[in-house]
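Trainee: Shown below is the structure under consideration.
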Amino acid sequence: MDVQVAQTLRQTLPLNSITTNASITAADTGESSGRCLRALQPLAQNQITIQIPISHAIKGKTFPLLLTQLGTDITELPPTARQTPMSPMYQKVLVLLYASSCSTHDQAATAEQPSIFGLQEYVATLPKSFHHMPLYWQKTQVDRLGPLLAPTLHNFIQRMENECDRAYFDLQPIVDHLSSSGLYPRQTTEIWNLSFIKWAYCCLTSRTFDLTPAANGPQTPEEDDISTMEEHGLVPFMDLMNHASTPSEATLMVKVEEIDQVMYATARAIRDLKQDEELCFSYRSHGDALKFLFNYGFVPDDAKDIFYAMVEYPSEDSDEVDALLGAVLESLGLPATKTIAIPMTDENPLSELYVWALRVKEMHMDAEHREQCLQSFVSGQPLQLLNSHEENVWNTIGMNLSAAYEFYTNEEEQHKVNVTEEAEDKEEKDKEKGGEKGESSTCSGSGGEEEQFVQRTRDAAARILEKAMATFVSMTGGDS
């Protein structure tokens, strides 16, 4: 990012903002527009370093305010547009769409006449791409995370892609109206596509602040879906800060507070700061490594290593489990789905829940005894678990642990082989085309962050699997 672009953003912020304690400098953050904030002068502990009015943040409520500025409101939209399910997430996407459309408009905003809410100036500071985030990774990159992480990450990505597809379908009527009526710039339809929605979702996932007033306490998002929550939003200038590697290394504490009857997002110095110290904060106080990677595109040093043992319940007749199997799984506290992920951690490397999930699978796969075995689970009768089921369960666990351990301890060498084979295939194809050299097909863009996470995954998985195999041996008295 051109640092001057961020400097221009200051001029569009309300007069009651505070940004003059921070300088903006370029930095290698893995994003396409790396930057950081540094203390422009010594700062005292608890001093407000950055202060932005909440009214200037991009939240769900910003969209109705934007329509008011454009001379209309939601009630004046045509019926097809009013039927759009206007979730907080959708409204934030529409605000980013307006800002992005303005940025391609022939008449740019100026310091003397900034854009509405400074949206055009703000969107110019956002990353142009998010290829460091798994949503943009190729399948082979995800697969490098191995059998205990890749399936879960593939699931995260698929769910996000489904959400983007749904957003494109749901919002199309209102985008058509906003563009054709002249409320949004004419360039709107040119940038409105799935690529834009993925970009917007990444902005709203990786750069969103919890703007719940401190007195009310933080909201608790379901499954870390922070972008959909009403009181979460993008805060101009403040989001130029980077994440501290650990909470103890953070130099600022971000919160929402009322000052002179105005609500602000403030960043106060945690301790006395020297000039030129980086201004950074801890995005979240906890979280597992994979979810950090998916939501933010990086993994902090203190993130928890959680892996997932997968159990699948095959069925040729349906994409869903039947009522009996679903009841059994729910009785164990598991979701009634065909694929289940059981956490593996340092504290609990071989979960009893994983063993029971496999026992249920053995019952489910036993065509002759399936009904009576599964029924015994939910009927209160003595459990019908056959010796053959139990033997298969422990054989499966032993084979799964050994195969996973072999993958993670040999992944680096296998990756080198894969890279060599890909290079040879590409060279062969170039020869077939008459010796012309094509462009490189490695479009990861995630670079160091991806490699660091793969290395972290290898080390952590091997450690946890060794504990799981030791537990397996102690429980079975045999070898894994």
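Trainee: Once you charge only the Cβ atoms, +1 for Lys and Arg and -1 for Asp and Glu, what is the size of the charge dipole of the stretch 3-296 about its Cα centre, to the nearest 20 debye?
Mentor: I would put it at about 300 debye.
Trainee: So, one more: Once the other residues with Cβ under 14 Å from the Cβ of THR80 are scored (Lys, Arg +1; Asp, Glu -1), what is the net sum?
Mentor: The answer is -2.
Trainee: Which listed residue (TRP192, TYR168, PRO147) has the Cα farthest towards the positive end of the charge dipole for the stretch 137-200, taking +1 on Lys and Arg C-beta and -1 on Asp and Glu C-beta about the Cα centre?
Mentor: Of the listed residues, the answer is PRO147.
Trainee: How much length, in nm to one decimal, is gained on full extension between SER129 and ASP170, taken as 0.36 nm per residue of separation minus their Cα-Cα distance?
Mentor: Length gained, SER129 through ASP170: 12.4 nm.
Trainee: I've got another one for you. Calculate, for SER379 and ASP459, the FRET efficiency according to 1/(1 + (r/R0)^6) with r their C-beta to C-beta distance and R0 41 Å; round to the nearest 0.05.
Mentor: E(calc), rounded to 0.05, equals 0.35.
Trainee: Among rounded, prolate and oblate, which fits the stretch 3-296 when a ≥ b ≥ c are the square roots of the eigenvalues of its C-alpha gyration tensor, a/c under 1.5 means rounded, and a/b larger than b/c means prolate?
Mentor: Verdict is oblate for the stretch 3-296.
Trainee: Please work out how much length the chain gains when fully extended from GLU316 to ASN387, using 0.36 nm per residue of separation minus the C-alpha to C-alpha distance, in nm with one decimal.
Mentor: 23.0 nm
Trainee: Okay, next question. Tell me, GLU466, GLU406 in order of fewest to most beta-carbon neighbours within 10 Å?
Mentor: Lowest count first: GLU406, GLU466.
Trainee: Oh, and also: Which loop-located GluC sites (Glu not before Pro) does the stretch 245-344 contain, where loop means any DSSP state but H, G, I, E or B and the Cβ has at most 10 other Cβ atoms within 10 Å?
Mentor: Sites meeting the loop and neighbour criteria: GLU316.
Trainee: In what order do CYS102, CYS280 fall by count of nearby beta-carbon atoms within 10 Å, going from fewest to most?
Mentor: With the fewest neighbours first, CYS102, CYS280 line up as CYS280, CYS102.
Trainee: Still on this model: Taking the Cβ of each residue in PHE294, PHE472 as the centre, tally the other Cβ atoms inside 10 Å and list the residues starting with the fewest.
Mentor: PHE294, PHE472
Trainee: If you plug each phi of the stretch 240-249 into the Karplus form 6.51 cos²θ - 1.76 cosθ + 1.60 with θ = phi - 60°, what whole-Hz ³J(HN,Hα) values come out, in order, with x for Gly and Pro?
Mentor: Values, residue by residue: 7, 5, 9, 7, 6, 4, 9, x, 5, 8 Hz.
Trainee: Spelling out what I want: for every residue of the stretch 84-98, take phi, set θ = phi - 60°, compute 6.51 cos²θ - 1.76 cosθ + 1.60 (Karplus), and round to whole Hz; glycine and proline get x.
Mentor: Result, ordered by residue: 5, x, 8, 5, x, 4, 4, 5, 5, 4, 5, 5, 5, 5, 4 Hz.
Trainee: Also, I was wondering about something else. Given a Förster distance of 25 Å, report the FRET efficiency between GLN452 and ALA26 from their Cβ-Cβ distance, rounded to the nearest 0.05.
Mentor: The computed FRET efficiency comes out at 0.75.
Trainee: With point charges of +1 on the Cβ of Lys and Arg and -1 on the Cβ of Asp and Glu, referenced to the Cα centre of the stretch 3-296, which listed residue (TYR122, LEU178, GLN41) lies farthest in the positive direction of the dipole?
Mentor: GLN41
Trainee: Go ahead and collect, in residue order, the members of the stretch 146-169 whose backbone nitrogen is under 15 Å from a label point 7 Å along the Cα-Cβ direction of GLN83.
Mentor: 169
Where a number appears in this text, it was derived from the coordinates with a stated rule and is not lab data. Because the structure is predicted, anything quoted here is derived from the model rather than measured. Note that each Cβ is placed from the backbone with ideal geometry, even for glycine, and that neighbours are counted across all protein chains shown.
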